[in-house]
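Quick notes on the structure that follows.
Computed from the coordinates by the stated procedures, all read-outs in this text should not be read as laboratory data. Here the structure is a predicted model, which means the values were calculated and not measured.
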Amino acid sequence: MSIYPPKEALWWKTPIGKSELVWVGVALVWCLFMFAFMVYWHGAGKQNLSNEAYRISAEDFSAKTKAMVDKYTVRQYKTKLGTEIPVVHPPAGGDVYLTARLWQWWPMLELEKDKSYRLHISSLDWMHGFSLQPVNINLEILPDYETVLTTTPDKAGEYTIVCNEYCGIGHHTMMGKIFVVDKK
Ligand code: CUA
């Protein structure tokens, strides 16, 4: 029994058992398979995007988001909780900022179909999960880092951003919108 020390004092000199070797082999093969699958699924799964990440302070990110909101807000969206959140229509081809904070995605974005954008997302407090529905794109959003992705929405419609990392009492209310519209 393993709670007692081995009877043989030089136990490390006994040859490794066959069944143990087989298990080590199985585990190794499985690890390699999972590792290869991780790479394969990045392309085949179409859920994990090739994004970039940079360090940025909450103050700087907040200032950039606010500058965009001040310049390009086109209307207000009233949530079910009664909060008004600006809807921003930034110029196509440019940088777009989306802030995660307790418990909002701020602002809402209106993007043009078939136009490319640099979408920057960061958190002002702690970790949130960006989950775009119904297309099921998922990104982890962390404070002090901005996640940047180059994206070209190819289908008009209303997309909902839900938070998929538990972030506190208001987690379930943390919903945002991305509206993809035909060119104006
Ligand atoms: Cu933010 Cu959960």
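Computed values, structure above
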{"quantity": "The chain: angle of helix 58-72 to the longest principal axis, Cα-based, in degrees nearest 10", "calculated": "30"}
{"quantity": "For the range 1-80, Kirkwood radius (reciprocal of mean inverse C-alpha pair distance, Å)", "calculated": "19.9"}
{"quantity": "Volume of the Cα convex hull of the range 24-126, divided per residue and given in Å³", "calculated": "173"}
{"quantity": "Alpha-carbon centroids, the range 1-69 and the range 71-148: separation in whole Å", "calculated": "30"}
{"quantity": "Estimated translational D of the chain in µm²/s (Stokes, Kirkwood radius over Cα pairs; 10 °C; 1.306 mPa s)", "calculated": "82"}
{"quantity": "Helical mean residue ellipticity (222 nm; -39500 (n - 2.57) per DSSP H run of 4+; nearest 500) of the chain", "calculated": "-8000 deg cm²/dmol"}
{"quantity": "Net length gained if the chain between His89 and Ile137 were fully extended (0.36 nm per residue, minus Cα distance)", "calculated": "15.1 nm"}
{"quantity": "Percent antiparallel among DSSP beta bridges (both partners in the range 37-184, rounded to 5)", "calculated": "70"}
{"quantity": "Tail weight of P(r) past 20 Å, computed on alpha-carbon pairs of the range 123-184, percent", "calculated": "31"}
